[in-house]
1. List the pairs whose first member sits in segment 95-109 and is farther than 13 Å from L222 by Cα, whose second member is in a loop (DSSP other than H, G, I, E, B) and of a type in the set (D, E, K, R), and whose Cβ atoms are under 8 Å apart, counting only residues at least 6 apart or on separate chains?
2. Residues that are closer than 20 Å to H159 by Cβ: list the strands (runs of 3 or more DSSP E) wholly contained in segment 45-107 that include at least 2 such residues.
3. Count, please, the residues in segment 126-152 that happen to be in contact with a Phe, Trp or Tyr (Cβ under 9 Å, 6 or more places away or on another chain) and under 19 Å from W68 (Cβ atoms).
4. For segment 4-18, which residues satisfy the criterion of being among the hydrophobic types (A, V, I, L, M, F, W, C) and under 24 Å from L218 (Cα atoms)?
5. Across segment 119-157, what is the total count of residues that are hydrophobic (A, V, I, L, M, F, W, C), touching a Pro at 6+ places or on another chain (Cβ under 9 Å) and within 29 Å of S82 (Cα to Cα)?
6. For segment 81-94, does any single residue satisfy the condition of being of a type outside the set (A, V, I, L, M), farther than 22 Å from V174 by Cα and surrounded by fewer than 22 Cβ atoms within 10 Å (Cβ to Cβ)?
7. Collect the residues in segment 60-80 that are crowded, with 16+ Cβ neighbours inside 10 Å, in contact with a helix residue (DSSP H, G or I) (Cβ under 7 Å, 6 or more places away or on another chain) and at negative phi, keeping them in residue-number order.
8. Residue check: is S38 of a type outside the set (A, V, I, L, M, F, W, C), part of a loop (DSSP other than H, G, I, E, B) and either touching a helix residue (DSSP H, G or I) at 6+ places or on another chain (Cβ under 9 Å) or surrounded by 20 or more Cβ atoms within 10 Å (Cβ to Cβ) (or both)?
Amino acid sequence: MIFVGEGALLWRAVQHTLDSGLPVDLVCGPAASSPPASARPDVPVLAVTDINAVAGELVAACTDGVVWSLNNRMIFRAPVLSTGLRVLNVHHGPLPAYRGLPEVALVYAILRGEREFAATLHQVDAGIDTGPTLAAAPYPIGPHEPYHAVLRRGTQACHGLFERCLPRIAADPVWTGEPGRTATTTAGDGYFGREALAGLRRYRDHPSFARATDLGFLAGFLPELTAVLRH
């Protein structure tokens, strides 16, 4: 298996895979995202800024045809998607209602009064968060919970979903997913990218704005969102 992404969510998944006795063929991510001190030194790491530029290297390294995308902001395009590798993404957000940047989508979910959010496992296709959904892990949003508390729960849901689905993918790399795998939300199909990030300024008078943008201890980990809210 190959892993693409960065941060604690990625490396927790890598470690869990190794602890499960499964192979980690390669870990790819931005050069600035170095492995934690606890990472196994025998795990090969490749620093990349464009995952599509190393499609050949992925094919050469992968032993089971599976690529996991976790906390990954690089977009997979034809160079990788046409290789025959199966790319699976753990997305923080129910699909198709909350595609795009998870940290932005969550703000809008709280502003919309959602009482449930979800982690979603889907197969990556040529769109952005548009591929077939394989599994979902819904979790509640309390009516008074701040953003940072919800996001922390969501991160745990993402890792839990990975742990749940990993043995199924390992046993069957073409696994088609769980029944009833679409999470329920009140919103329709939506994409939350940088335009939606800039649009948050329009909601400053919303009664839930303070709660929806209370980043707490996470402010330092969400620089784009923090910068918009400060201005």
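The values are calculated or read from the model by the stated rules, or taken from the named source; none is laboratory data. What you see is a predicted model; the values in this text were computed from it and never measured. Ideal geometry is used to build each Cβ from the backbone, glycine not excepted, and the neighbour counts take in all protein chains shown.
1. Qualifying pairs under 8 Å: L95/D129; P96/D129; P96/D189; A97/D189; R99/D129; R99/D189; G100/D129.
2. Details: elements: 45-47, 66-70, 86-92.
By residue number, 66-70, 86-92.
3. So the count comes out to 4.
4. Restricting attention to segment 4-18, the residues satisfying the condition of being among the hydrophobic types (A, V, I, L, M, F, W, C) are 4, 8-11, 13-14, 18.
Correct list: V4, A8, L9, L10, W11, A13, V14.
5. 2
6. No, segment 81-94 contains no residue that is of a type outside the set (A, V, I, L, M), farther than 22 Å from V174 by Cα and surrounded by fewer than 22 Cβ atoms within 10 Å (Cβ to Cβ).
7. V66, V67, W68, L70, M74, F76, V80
8. On the way: of a type outside the set (A, V, I, L, M, F, W, C): yes; part of a loop (DSSP other than H, G, I, E, B): yes; either touching a helix residue (DSSP H, G or I) at 6+ places or on another chain (Cβ under 9 Å) or surrounded by 20 or more Cβ atoms within 10 Å (Cβ to Cβ) (or both): yes.
Judged against the criteria, S38 is a match.
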